[in-house]
Structures are given as C-alpha cells and as structure tokens.
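Here is the structure we will look at.
Readers should treat all values here as calculations from the given coordinates under stated rules, not as data from a laboratory. Because the structure is predicted, anything quoted here is derived from the model rather than measured. For neighbour counting, all protein chains shown are included, and Cβ atoms are generated from backbone atoms with ideal geometry for every residue, glycine included.
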Amino acid sequence: DQAMADRSAEVIRTLLQHGYEAYWVGGCVRDEYMGRRVSDMDITTSARPEITASLFPKVIPTGIQHGTVTVLMEGEAFEVTTFRIEGGYEDHRHPTEVAFVGDVEQDLRRRDFTMNAMAIGLDGTWVDPFGGRADIDRRRIRCVGEASLRFREDALRMVRCIRFASVFGFSIAPRTWKGILAERDTLSFIAMERIRSEFEKIMTGPSPLRGLSMFVRSGLYSRMKAPFPYTGHDDSMLSAIPLIDPEHAYIRWSLLLLACDIRSQAADELLRGWTFSNKQRQEIVSLMSIQEEWLKITGADKDGMDKLPWVRLVLTHGKASAGGWLRLQQALHHSGAAATAETANRQLAEWLEEMQIQSLKDLAVTGNELVQALGKRGGPWLGELLGQLLLLAAAGQINNDKESLIDEAKRVVMNHEGS
Ligand code: ATP
Ligand code: MG
C-alpha cells in the first residue's frame, strides 16, 4: 500500500534528519522480499522512546518501557521501537528486562527467525546479518542463534515456527526442528489465547493440514491445554478444509472438529478452552449442530430431503449458518466425503434463497391478532401456533398475509379440537 510506504518513509526520514538511525524491520521487510502483501510496517531506531515521542505531533506511548511508541502519520500508524536487547526470560515467555542498545545488529539478534531478523534503510541498504534472504530463497525457517536456547526463552516461538512453515510452505531447518523437540514441554507456559491466534493463521492459510500435521509430529499439539482429539489422521473430511475460502474460517474450524468426531456440545466446551470469542464459537457450534441435525433427519437416506425439516433448521440456526453449512457440504463433495447428494444441495440452496421470512417479527400477524381472531384466551398454544405459521410461511406453503395466516390458524385450531 503506497500511502503506508510513503508515510513510514517520512517517519524514518524525520528520525534520520535528527541524527538517529532508523530502518524498516521484521515482518514487513520479510514480506516485501517475498513479494507478499505487507500488513504493517514496523520501524526500529537508535532514538530513545522519549525522543521519538517528541519528534512527532501524534504519538501513543504503546510500550514506552519496552521502547515502543506508535507514531500516527496522516491516518497511518507505525510502531517505532528503540534498538534493544532482552535479558533474562521468566516462565519461558517474558523478558524480565530490556536494555536499549546503540546498534541495529544487536536488535536483530533478539528476533526469532532469520527471515524476521532483517532491516532495510531508507536508501535501500539491507541489514541481514543472519542470512535471512538466503533462508527465504531456500524456503526454510531457521532460528537466529541456537534454537533450543531461543525456544526456551520464549516458547511461543515454537508455534510461530510451525505457523510460518505452514503459511509460507517452508521447511524447518533440522536444528530448529530439533530445538522444538527438545523444548516442547515449555509450551504449557504459554497462554492459550496466544497459541490460538497463531493457530488461526495456520487454519486460514493455504495448507492448514500441513500445519496441523507438523503440530502433531512435533508433539506440541498434545501439550496444549485443550487439544482437539486430532491424531494427524488424514481423511476426506479434513481434505475439505483447504477447499473452503479462508474468509469463512468458521467453516474450516467446523470441518476440523467434525473430522475429529467431536459433537457440537463438546465443541462448545473446547472452543471456550481455546478462548474463541463468543461470536466465533457460536458460528462454529451452530454449523456443527446443523450437520448433526441434518444427519438425524436424513438418516441413511443420503438423497432424501423434505422442505419442512430444512426450513425448520434454517429458522432455528439462521440463514447465515445454513448458507455456511451448504458451503461445507459443497467442500465435502469435492473431497468425496459428502453426506448429501449434489442435486439435493442445489435444492436446499434454492429453498434457502427463496425464504422470505426468518423470524416471528417478519410474520404478517401478531399473537394478539390471533387471540382476537380465534376468540381464545392466550396460552402455550399460541407460541406453538405462531411457530407453525412461521414454518409454513417461510416454506412458502402459505402466503405471509394476515388473511391467509388467520385462515390457516383457524384450520389448525379446528383440527386440534376435532381430534
Ligand atoms: P505477521 O506477518 O504475523 O505479522 P511478524 O513476523 O510481523 O508476522 P509480529 O508478531 O508482527 O510478527 O512481530 C514483528 C517482529 O517482531 C517479527 O518479525 C520478529 O522480528 C519479532 N518478533 C515477534 N515475536 C517474536 C518472538 N516471540 N520472539 C522474537 N522475536 C519476535
Ligand atoms: Mg507483523
């Protein structure tokens, strides 16, 4: 993004003009070299955080004690961090102290992988002391320094390592892999939330199965606080995962859980353990519930389908979830694990499309109006009746206008009282 590049160049220029060193650093340098889209541009500088803060009109003191100041520049935000080293790690995650240093190479040494330990100057000069570009060219992830030591300092790096390998399709250098095997027990010190955030990048990446399998083979998977009962097996349900647009991450997660033979209720618990947001959790569980209920409805008859049970499912779980479930079905088809025939899918999609109303508030009659029209006192029958009318109207079997609804209501009540 050109605006981001220009503004960040302006930040670097300002620092240089005041006699400090400043570079682009970390992920943005790596992504630029790899030709990937750059998401945020971090800057590293010899200027102390107070100085950086004083040089720009709009700053947020994000982590002054760690040397980080966020500089706001015409709608863009950049993290500007003072060259620093970290000393003494506590609990395999937190550096106990940071010290500012005068030299960019020292700063790069504290970073996790060679490809993340590169900086580039305003004039295009590279600072790449650990051979990051060469490793990118060889498509491999390698620790800066001794792998086991680096993983022992901060156990999250092991997860990041597999995430990068999975998302970039890179291999892991042998000593780095050995480092993971040696230090994997320290994973228990890392908050589930941070692990999940890496996992989400694996799951929305181009080859989630490769990431999952590396996770299992490394032994990290079974050391998580709430592991899915996933054993690294491969089946057609799992191979449907990459067929789902990463934008619909919740469908990918649902597939993983279904492939692990987890019921929707157990999934709900697991996803809490994984610290998913309520919204994400509900989306996933809802999809899994539809799958369970659908299998119950159709049973062994893979082609069998009636409109009303489907419409009832849609009303219970919402059109969005039902649409997601159809996407899931399509992916299962392409991977050869479908529960429903493709023609049936198309039919269900059509019915979904046609549904004009979704909830009682869309119904052209109210409970009060029914009470009046039927001359009966309100009671539990009313909710039931409204539900029935909604179902029929949503399925297009009766018109959603007051007269038709009341007619139908009278018919239903008469049948009831007659029986
Ligand atoms: P992403 O594309 O996910 O943003 P990134 O490499 O930019 O990847 P960030 O978490 O944004 O990851 O971190 C920015 C930089 O900070 C990294 O490139 C790396 O140099 C350094 N870094 C981040 N996390 C660690 C860590 N746990 N240990 C050492 N260095 C780290
Ligand atoms: Mg980043």
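Our summary gives the stretch 264-354 a relative contact order of 27 percent, counting only alpha carbon pairs under 8 angstrom and 6 or more residues apart.
Could you work out the local net charge near LEU352, counting Lys and Arg as +1, Asp and Glu as -1, over the other residues with Cβ closer than 11 Å to its Cβ? Taking every Cβ under 11 Å from that of LEU352, the sum is 0. Of the three principal axes defined by the Cα atoms of the chain, the extents in descending order read 91, 50, 36 Å.
A full extension of the chain between GLU50 and THR366 corresponds to an added length of 107.3 nm, given 0.36 nm per residue minus the alpha carbon distance.
Given R0 = 22 Å, the distance between the Cβ atoms of SER188 and VAL216 translates into a calculated FRET efficiency of 0.85.
Cross-link partners for LYS376 among the lysines, with Cα-Cα distance under 16 Å and sequence neighbours closer than 8 places in the same chain left out: LYS410.
Each Lys or Arg adds one and each Asp or Glu takes one away; over the other residues whose Cβ falls under 15 Å from the Cβ of ASN278, this sums to 0.
Hull volume per residue, based on the alpha-carbon atoms of the stretch 1-133 and their convex hull, is 108 Å³.
The stretch between ASP306 and THR125 holds 58.5 nm of extra length on full extension. This uses 0.36 nm per residue minus the Cα-Cα distance.
In plain terms, the chain from HIS94 to SER39 could stretch by 17.3 nm, reckoned as 0.36 nm per residue minus the Cα-Cα distance.
For TYR89, TYR23, the sequence from fewest to most other C-beta atoms within 10 Å is TYR89, TYR23. Only alpha carbons enter this Debye calculation for the stretch 186-313, each as an equal point scatterer, and the log10 of I(q)/I(0) it gives at q = 0.12 Å⁻¹ is -0.48. With just the Cα atoms defining each centre, how far is the stretch 134-152 from the stretch 361-419? Give it in Å. The stretch 134-152 and the stretch 361-419 have Cα centres spaced 68 Å from each other. As a length-normalised measure over Cα pairs under 8 Å and 6 or more apart, the relative contact order of the chain settles at 8 percent. Here the stretch 84-107 and the stretch 223-264 have alpha carbon centers that stand 37 Å from each other. The modelled label-to-label distance for the pair GLN347/ARG13, using points 7 Å beyond Cα in the direction of Cβ, is 6.6 nm.
By how many degrees, 0 to 90 and rounded to 10, does the Cα axis of helix 2-17 deviate from the longest principal axis of the chain? Its long axis makes an angle of about 30 degrees.
Looking at the chain alone, DSSP beta bridges between its own residues are antiparallel in about 85 percent of cases. If you take all other residues with their beta carbon under 15 Å from the beta carbon of HIS248, and give Lys and Arg +1 and Asp and Glu -1, the sum is 0. Between the helical axis of 319-334 and the longest alpha-carbon principal axis of the chain there is an angle of about 70 degrees.
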